[in-house]
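Some notes on the structure that comes next.
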Amino acid sequence: MDPETGLATVTGDVHIQYGNVEMRCGSAQYNQSTGEVIAKDGVTIWRDGTIYRGDSITYNSITGEMSGRNVITGIAAGSPGIPGTGMTGTGGSSGGGFRRTAGMFFFRAEDFHSSSKLENRIDATGVSFTSHDVQDPNYRLSVKELTVYPDDKAILKDVKMYAGKTPIFWVPKVTKSLDEETNLRLGPGFQSRWGAFLLTQLAVVHGDHTYAKYKFDLRSKRGVGAGVDFISLRHSANRQNFGTLKIYGVNDIAPNTNATSATRYPVPTDRYRVNFQHRIYLPGPDVNTWYLDFDINKISDIHFYEDFFFNDYRTNREPDNLVSLIHTNDSYVATLMAKFKLNNFYRTTTRLPELSIDFTRRPLWNTGIYHQGTISAGIIGELVGNQEKAELLRLQALGAGGLAGVLSDPLGTAASSFLSLAGQPRAATLTPVDVTQGLGAISSRLRQPGYGRFHTYHEFLYPKTFMGWLNVTPRIGAGLTSYTGIVGSPTGLSHYTRGIFSMGLDVSFKLSKNWSEVQVPMLGLNGIRHVFQPYLNYSYLDANQNAGLPAIDRLSATTRPRSIDVPLFTAVDSLRSWNVARVGFRNLLQTKRDYMGSNGYGGFWETPAGGDEQTYTWAGMNTYVNVFGKDPEYGRSLSNVYNELFWVPVPWASLRSDLQLPIQGGVGSFTEANNSMTWLINKSTSFEMGHQYIHDHPFFRNSSLLYTRLYARLNEDFGFSTYHIYEASAGILQFQSYSVSKDLSSWVASFGVMSRNNGNGMSDFGLLLSFTLKDFPKFNFDLDMDPNPGGRGGKQ
């Protein structure tokens, strides 16, 4: 130590430790006045879990700044998952994902500077950038300037990519989000309806506000397609609902290609989609109680999603178009909505406009009485689509010949269509009366029904607890629905007003017993508590229905029981008198955990404040039946018996079963069973299977569908996945796919094959090949062809 200069110099095997920083080097000089340490000769620094190596590095122990020459270091990158398997890098994936350790990307910088503790930033020039952690990487990026904001983004300027020593592309500037999936994807393959194809996608971040995915696709049978997805980073927590703009177009050289047995309508050669979902807070930009929601979807034709975006076709094949002004309050939500027709080939319900106010359940002063209700007024209409209009005109011409004319349909579909139009079960025998009713429904739809509607309903509840255990909630409600200017009535009805009166009673109580001595670690049991809850929900509704009203907000066919609580019954125009008691009981088995719930795929909900011994529902069952004084749909005295079961003993396994069985015969009595099981067998193997069964439903075909999904990591280099859907009632393997992945050091290669049986001898076949650069950038491939139906294994 030189007392005059305040400099201390050491040589040899120097080892310095200061707080969370540890340094080793051949020589070092420390300045007591500035806090600067200048390290030379084979410098290695550990700071906050990151290693820095260089010829010469200067570190300031006071400010935390660090700079150097020829510095090598790494930054954590996102975990990309395993391509072609459906497995993601997060354990909470609905598809049954494995957690993978986040990768690293490494860079060598001629000049390197890390900012102070107060400013989390890294600047570097003359950078060589790779995720292949070897002396001679098989790919690298050459970057003139690099700025990194850890846990946020990296900005690269004058970027060249090299395969070995050969440059393959150059871009002037790239912004990579360290949170978003910013990458380049290349997807070659073959599919029967597309031919040979190459799908490309470049994802970048513009500034700090927009995530963009640029697409350019080549399909040998269908031509060239291109587009872009813009995603707002400000709405990243809810991007499924707003903050997106998707534009895509295809010059289709074979637009009449039909890979299914369904009717194919003519479509243009220039095909496209424009989807815009966004929310604007007023006055903005911060979250407020006033906001505008936009949901705009313009599509070129009825088959576009089916041909090019099968995921969207499966989940939302007829998207709405609406703009809503919304105001939220602790007591109510007010919505002014304009819903309009933008795609002429879909049947569309319009609201031009509709104002609604939904009152949340809230106490009325200190009376102990609660109120909930709704008020709405609007101009409601239903516009028929072009294709549907053509089919209705065809059916109308057949129906003009009576029952014989309908039965002579050369396509053989008219009889079932008239049964549906008349509201009859699928298995019923068509009668002349059904034909007459069907013609009336056709005439109404062709006239495109509409009306002005005012609807209001208010309900009052008085919850009480008797003897400390018996919960009783009587309720009474009343309302009114008024229709004016009715268009499309089969009876010529022009206006109609009806009153609504309802009353009901909820009764329930709980019994429980604890067995704290039960300890079964293998099944995750740390004590056990059984909760038994019988309940009764009685509901009476008096609401007349006029057969001349062309219902627009009406019921659609379902296998599930209807709601018997009027505020939850959204099909306003189908409200009709009922008298029903829902009787049932719940059973819950609970234990103690350090978290509240698990999804059965290896993920669980975080522990809330309150300690490690939280109540965890280990298993549950809900069994109930509807007892009818008046059944508004099928005229039954008893519904099916319903049983809903779940068992999630540990985070890596789950079992679910929804079952309903008929108690009596007749229309509306049918059998349904939906069972599924997921199991992460070990850290390398995930298995999922399920069965969906329905028999004797009045509107749905009989079906017995089985599905299985398996992923296995065979060793450190190879992975294998397979997925099957089998329709047992028809003896058809509807879908099968197989994929093998191979770890190639800095790359993962994946090869997959799929086949889909569309019925009547029609099928799809596809091959896919992907090369995924593990961390940054990523060459990957997502082929939008795996149907993976909802409820059968998660996301496609």
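Some points to look at:
- Residues of segment 656-668 include none that is aliphatic (A, V, I, L, M), in contact (Cβ under 8 Å) with a residue 12 or more places away in the chain, within 26 Å of ARG593 (Cβ to Cβ) and in contact with a Ser or Thr (Cβ under 7 Å, 6 or more places away or on another chain).
- Restricting segment 395-411 to residues that are open to solvent by less than 60 Å² (accessible area, probe 1.4 Å) and not hydrophobic (A, V, I, L, M, F, W, C), the residue that is farthest from PHE700 (Cα to Cα): GLY401
- Members of segment 1-42 found to be assigned to a loop (DSSP other than H, G, I, E, B) and within 15 Å of ILE57 (Cβ to Cβ), listed by number: GLY35
- Residue within segment 348-358 that is of a type in the set (Asp, Glu), more than 26 Å from GLY488 (Cβ to Cβ) and surrounded by fewer than 17 Cβ atoms within 10 Å (Cβ to Cβ) present: yes
- Test: residue in segment 26-33 that is open to solvent by 30 Å² or more (accessible area, probe 1.4 Å) and within 19 Å of ILE122 (Cβ to Cβ): no
- Counting the residues of segment 732-752 that are under 23 Å from SER192 (Cα atoms) and open to solvent by 40 Å² or more (accessible area, probe 1.4 Å) gives 7.
- Hits in segment 415-448 - residues which are of a type outside the set (Ser, Thr, Tyr) and more than 24 Å from ASP696 (Cβ to Cβ): PRO432, VAL435, LEU439, GLY440, ALA441, ILE442, ARG445, LEU446, ARG447, GLN448
- Screening segment 248-283 for residues that are of a type in the set (D, E, K, R) and within 27 Å of the chain's Cα centre (by Cα) and picking the one that is most open to solvent (accessible area, probe 1.4 Å) gives ARG279.
- Test: residue in segment 305-324 that is modelled with pLDDT of 95 or more, outside any loop (DSSP other than H, G, I, E, B) and open to solvent by 50 Å² or more (accessible area, probe 1.4 Å): no
- Restricting segment 714-728 to residues that are exposed (fewer than 14 other Cβ atoms within 10 Å of the Cβ) and of a type outside the set (Phe, Trp, Tyr), the residue that is modelled with the highest pLDDT is ALA728.
- Selected residue [under 36 Å from the mean Cα position of the chain (by Cα), surrounded by 15 or more Cβ atoms within 10 Å (Cβ to Cβ) and at pLDDT below 95] from ARG582, ARG562: ARG562
- The set of residues in segment 373-412 being free of Cβ contacts under 8 Å to residues at least 60 places away in the same chain and out of contact with any helix residue (DSSP H, G or I) (no Cβ under 9 Å at 6 or more places or on another chain) consists of ASN386, ALA390, GLY401, ALA404, PRO410, GLY412.
- Of all residues making up segment 429-454, the number that are surrounded by 14 or more Cβ atoms within 10 Å (Cβ to Cβ), among the hydrophobic types (A, V, I, L, M, F, W, C) and closer than 30 Å to THR481 by Cβ: 5
- Strands (runs of 3 or more DSSP E) completely within segment 116-201 that count 3 or more residues being open to solvent by 50 Å² or more (accessible area, probe 1.4 Å) and at pLDDT below 85: 166-177
- Of the strands (runs of 3 or more DSSP E) lying entirely inside segment 634-713, those carrying at least 3 residues that are surrounded by 17 or more Cβ atoms within 10 Å (Cβ to Cβ) and over 24 Å from the mean Cα position of the chain (by Cα) are 638-650.
- Checked against the criterion of being surrounded by 15 or more Cβ atoms within 10 Å (Cβ to Cβ) and closer than 28 Å to SER669 by Cβ, segment 456-467 has no qualifying residue.
- Residue pairs meeting the criteria (Cβ under 8 Å; at least 6 apart or on separate chains; first of a type in the set (Ser, Thr, Tyr), in segment 526-555; second open to solvent by 30 Å² or more (accessible area, probe 1.4 Å) and part of a loop (DSSP other than H, G, I, E, B)): SER539/ASP565
The values are calculated or read from the model by the stated rules, or taken from the named source; none is laboratory data. Every value quoted in this text rests on a predicted model; they were computed, and no experiment measured them. Cβ sites come from the backbone with ideal geometry, for glycine too, and all protein chains shown count toward neighbours. Accessible surface areas use protein heavy atoms only, side chains included; no ligands, DNA or RNA. Shrake-Rupley method; radii C 1.70, N 1.55, O 1.52, S 1.80 Å.
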